[in-house]
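Down below is the structure, laid out as C-alpha coordinates.
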Amino acid sequence: MAKVIAQNRRGRFDYFIEETLEAGIILVGSEVKSIRQGKVNINESYAGEKDGALYLFNAHISEYTGANRFNHEPTNPRKLLLHKREQNKLLGAIKRKGITLVPLSLYFTKKGIVKVSLGIAKGKKQHDKRATEKERDWDREKAHIMKNSL
(Lines give C-alpha, C1' and ligand atoms only; values in the text may rest on other atoms or scores of the structure.)
Protein backbone atom coordinates (compact mmCIF):
# COMPACT_ATOMS: atom_id res chain seq x y z
CA MET A 1 0.00 0.00 0.00
CA ALA A 2 1.45 3.34 -1.09
CA LYS A 3 1.43 6.32 1.28
CA VAL A 4 -0.11 9.31 -0.54
CA ILE A 5 1.73 12.56 0.13
CA ALA A 6 -0.19 15.03 -2.04
CA GLN A 7 -3.19 14.87 -4.35
CA ASN A 8 -4.36 17.10 -7.16
CA ARG A 9 -8.12 16.97 -6.58
CA ARG A 10 -8.67 19.78 -9.04
CA GLY A 11 -7.10 17.67 -11.80
CA ARG A 12 -10.00 15.19 -11.95
CA PHE A 13 -12.53 18.04 -11.88
CA ASP A 14 -10.92 20.19 -14.60
CA TYR A 15 -9.93 17.36 -16.96
CA PHE A 16 -11.20 14.11 -18.47
CA ILE A 17 -8.53 11.59 -17.43
CA GLU A 18 -8.06 9.15 -20.32
CA GLU A 19 -5.22 7.07 -18.88
CA THR A 20 -2.97 7.06 -15.81
CA LEU A 21 0.58 5.88 -15.35
CA GLU A 22 3.30 5.90 -12.73
CA ALA A 23 6.58 7.80 -13.11
CA GLY A 24 9.65 8.19 -10.95
CA ILE A 25 11.00 11.63 -10.15
CA ILE A 26 14.56 12.89 -9.61
CA LEU A 27 14.86 14.73 -6.29
CA VAL A 28 17.68 16.02 -4.10
CA GLY A 29 17.95 15.13 -0.41
CA SER A 30 16.41 18.31 0.98
CA GLU A 31 13.39 17.85 -1.32
CA VAL A 32 12.78 14.33 -0.03
CA LYS A 33 13.05 15.50 3.59
CA SER A 34 10.55 18.29 2.90
CA ILE A 35 8.20 15.83 1.17
CA ARG A 36 8.37 13.51 4.20
CA GLN A 37 7.14 16.45 6.29
CA GLY A 38 4.23 16.87 3.84
CA LYS A 39 5.28 20.30 2.60
CA VAL A 40 4.42 19.80 -1.06
CA ASN A 41 1.73 21.19 -3.38
CA ILE A 42 0.99 19.82 -6.87
CA ASN A 43 -2.32 21.61 -7.52
CA GLU A 44 -0.92 24.03 -10.14
CA SER A 45 1.66 21.66 -11.60
CA TYR A 46 1.84 19.97 -14.99
CA ALA A 47 4.26 17.77 -16.92
CA GLY A 48 5.85 18.89 -20.15
CA GLU A 49 8.78 18.51 -22.51
CA LYS A 50 12.14 20.16 -21.97
CA ASP A 51 15.24 19.16 -23.96
CA GLY A 52 13.58 15.97 -25.20
CA ALA A 53 12.70 14.71 -21.70
CA LEU A 54 9.62 14.99 -19.51
CA TYR A 55 9.72 17.36 -16.54
CA LEU A 56 7.31 18.25 -13.76
CA PHE A 57 6.77 22.03 -13.70
CA ASN A 58 5.28 24.25 -10.95
CA ALA A 59 5.34 21.54 -8.27
CA HIS A 60 6.01 23.47 -5.07
CA ILE A 61 8.20 21.63 -2.55
CA SER A 62 8.94 23.94 0.38
CA GLU A 63 12.52 24.48 1.50
CA TYR A 64 13.79 22.17 4.25
CA THR A 65 14.88 24.22 7.25
CA GLY A 66 17.71 21.87 8.24
CA ALA A 67 19.46 22.05 4.86
CA ASN A 68 20.86 25.61 5.35
CA ARG A 69 22.80 26.72 2.26
CA PHE A 70 22.42 23.33 0.54
CA ASN A 71 18.68 23.87 0.10
CA HIS A 72 16.75 23.49 -3.15
CA GLU A 73 14.67 25.93 -5.20
CA PRO A 74 10.95 25.36 -4.32
CA THR A 75 9.56 25.39 -7.89
CA ASN A 76 12.45 23.90 -9.88
CA PRO A 77 11.47 21.72 -12.85
CA ARG A 78 12.00 18.09 -11.80
CA LYS A 79 12.85 15.37 -14.31
CA LEU A 80 10.46 12.43 -14.57
CA LEU A 81 11.82 8.91 -14.95
CA LEU A 82 10.03 6.75 -17.53
CA HIS A 83 10.85 3.94 -19.92
CA LYS A 84 11.80 5.25 -23.36
CA ARG A 85 8.65 3.76 -24.96
CA GLU A 86 6.38 5.39 -22.34
CA GLN A 87 8.19 8.71 -22.70
CA ASN A 88 7.83 8.70 -26.50
CA LYS A 89 4.13 7.83 -26.16
CA LEU A 90 3.57 10.74 -23.74
CA LEU A 91 5.57 13.20 -25.84
CA GLY A 92 3.42 12.26 -28.84
CA ALA A 93 0.26 12.69 -26.78
CA ILE A 94 1.34 16.16 -25.58
CA LYS A 95 1.89 17.34 -29.15
CA ARG A 96 -1.73 16.50 -30.06
CA LYS A 97 -4.15 19.37 -29.61
CA GLY A 98 -5.93 19.57 -26.26
CA ILE A 99 -3.92 16.86 -24.47
CA THR A 100 -1.94 17.60 -21.30
CA LEU A 101 -0.17 15.63 -18.60
CA VAL A 102 -1.57 16.30 -15.14
CA PRO A 103 0.04 14.95 -11.95
CA LEU A 104 -2.80 13.36 -9.96
CA SER A 105 -0.90 12.30 -6.84
CA LEU A 106 2.54 12.11 -5.28
CA TYR A 107 3.24 9.10 -3.06
CA PHE A 108 5.84 6.87 -1.41
CA THR A 109 6.09 3.22 -2.46
CA LYS A 110 6.68 0.40 0.04
CA LYS A 111 10.42 0.83 -0.52
CA GLY A 112 10.22 4.55 0.33
CA ILE A 113 10.66 5.81 -3.25
CA VAL A 114 8.73 8.91 -4.35
CA LYS A 115 6.50 8.32 -7.39
CA VAL A 116 4.11 10.52 -9.37
CA SER A 117 0.80 9.33 -10.80
CA LEU A 118 0.35 11.11 -14.15
CA GLY A 119 -2.90 11.38 -16.05
CA ILE A 120 -3.19 11.85 -19.81
CA ALA A 121 -5.95 14.45 -19.76
CA LYS A 122 -8.24 16.42 -22.02
CA GLY A 123 -9.65 19.73 -20.75
CA LYS A 124 -13.30 19.98 -19.72
CA LYS A 125 -15.56 22.79 -20.83
CA GLN A 126 -17.65 24.74 -18.30
CA HIS A 127 -20.84 22.76 -19.05
CA ASP A 128 -18.94 19.48 -18.51
CA LYS A 129 -17.85 20.70 -15.07
CA ARG A 130 -21.45 21.60 -14.19
CA ALA A 131 -22.63 18.14 -15.29
CA THR A 132 -19.95 16.50 -13.12
CA GLU A 133 -21.03 18.60 -10.15
CA LYS A 134 -24.74 17.76 -10.69
CA GLU A 135 -23.93 14.06 -10.90
CA ARG A 136 -21.88 14.21 -7.69
CA ASP A 137 -24.69 16.07 -5.87
CA TRP A 138 -27.27 13.56 -7.07
CA ASP A 139 -25.13 10.62 -5.90
CA ARG A 140 -24.74 12.28 -2.49
CA GLU A 141 -28.50 12.89 -2.29
CA LYS A 142 -29.27 9.27 -3.29
CA ALA A 143 -26.98 7.99 -0.55
CA HIS A 144 -28.70 10.26 1.97
CA ILE A 145 -32.17 9.06 0.89
CA MET A 146 -31.13 5.42 1.07
CA LYS A 147 -29.62 5.93 4.52
CA ASN A 148 -32.79 7.60 5.86
CA SER A 149 -35.15 5.03 4.32
CA LEU A 150 -33.57 2.15 6.28
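Screening F70 against (1) under 21 Å from Q7 (Cβ atoms); (2) loosely packed, with under 12 Cβ neighbours inside 10 Å; (3) at pLDDT below 85 leaves a single unmet condition, (1). Within the stretch 34-46, at least one residue is in a strand (DSSP E or B) and either touching a residue at least 60 places away in the same chain (Cβ under 8 Å) or exposed (fewer than 15 other Cβ atoms within 10 Å of the Cβ) (or both).
Table: residues versus (1) surrounded by 15 or more Cβ atoms within 10 Å (Cβ to Cβ); (2) touching a residue at least 40 places away in the same chain (Cβ under 8 Å).
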site: L27; (1), (2): yes, yes
site: S30; (1), (2): yes, yes
site: D51; (1), (2): no, no
site: L56; (1), (2): yes, yes
site: K79; (1), (2): yes, yes
site: L91; (1), (2): yes, yes
site: I113; (1), (2): no, yes
site: Q126; (1), (2): no, no
site: R130; (1), (2): no, no
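On the stretch given as the stretch 74-105, residues that are among the polar types (S, T, N, Q) and under 15 Å from the mean Cα position of the chain (by Cα) total 3.
Of the numbered criteria (1) touching a Lys or Arg at 6+ places or on another chain (Cβ under 9 Å); (2) modelled with pLDDT of 85 or more; (3) within 30 Å of A131 (Cβ to Cβ), the one I42 fails is (1).
The values are calculated or read from the model by the stated rules, or taken from the named source; none is laboratory data. Keep in mind that this is a model prediction, so the values were computed, not measured. Glycine also receives a Cβ, built like all others from the backbone with ideal geometry; neighbour counts cover every protein chain displayed.
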